[in-house]
Amino acid sequence: QVQFVESGGGLVQSGGSLRLSCAASGSIRSIYTMGWYRQAPGKQRELVASITSGGTTNYIDSVKGRFTISRDNAKNTVYLQMNSLKPEDTAVYFCSYRDWTGVVWGQGTQVTVSS
């Protein structure tokens, strides 16, 4: 099993910044992808950004140029730097870990952007 410690959510005004972090522990394999999903009320969970063990990143179009995902492999930790936040970024953000066996998510952290 994989456990997560997520932090960094909160309330911020439009245009502001937040940094999310997530430390994974437990049954961590040598090759895996970590990422951040989000789910807004009444909407499906969506993958916001991901990063592979080799450092390849992927973003949804709506956050490109504003969000940056990074990771520290030695600490099994992934970060999401979110700049120029918009009210539509408001959601619960979930850290994720994916390897060949499947994907698991953390408990989530609330991000609220006020207009």
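A count restricted to region 6-41 and to residues that are farther than 16 Å from residue 85 by Cβ, open to solvent by 60 Å² or more (accessible area, probe 1.4 Å) and either modelled with pLDDT of 95 or more or charged (D, E, K, R) (or both) stands at 2.
In this structure, residue 44 does not qualify as assigned to a strand (DSSP E or B) and either free of Cβ contacts under 8 Å to residues at least 24 places away in the same chain or acidic (Asp, Glu) (or both). Anything in region 42-56 that is within 15 Å of residue 74 (Cβ to Cβ) and either at pLDDT 95 or above or in contact with a Cys (Cβ under 8 Å, 6 or more places away or on another chain) (or both)? List them, or say none. Residue satisfying the conditions is 51 alone. In the set (1) within 17 Å of residue 14 (Cα to Cα); (2) part of a strand (DSSP E or B), the condition left unmet by residue 88 is number (2). Return yes when residue 30 is assigned to a loop (DSSP other than H, G, I, E, B), hydroxyl-bearing (Ser, Thr, Tyr) and in contact with a Phe, Trp or Tyr (Cβ under 7 Å, 6 or more places away or on another chain) and no when it is not. Criteria not met by residue 30. Scanning region 70-102 for residues that are among the β-branched types (Val, Ile, Thr) and more than 15 Å from residue 48 (Cα to Cα) yields 77, 101. Of the listed requirements (1) open to solvent by 20 Å² or more (accessible area, probe 1.4 Å); (2) assigned to a strand (DSSP E or B), residue 55 misses just one: (2). Residue count for region 58-83, restricted to those that are among the acidic types (Asp, Glu) and open to solvent by 50 Å² or more (accessible area, probe 1.4 Å): 1. Please work out which residue is nearest to the chain's Cα centre (by Cα), limiting yourself to region 1-27 and to residues that are farther than 15 Å from residue 67 by Cα, in a strand (DSSP E or B) and polar (S, T, N, Q). Out of the qualifying residues, it is 7.
The values are calculated or read from the model by the stated rules, or taken from the named source; none is laboratory data. Small disclaimer: the values here were computed from a predicted structure and weren't measured. Cβ sites come from the backbone with ideal geometry, for glycine too, and all protein chains shown count toward neighbours. For accessibility, only protein heavy atoms count, side chains too; no ligands or nucleic acids. Shrake-Rupley method; radii C 1.70, N 1.55, O 1.52, S 1.80 Å.
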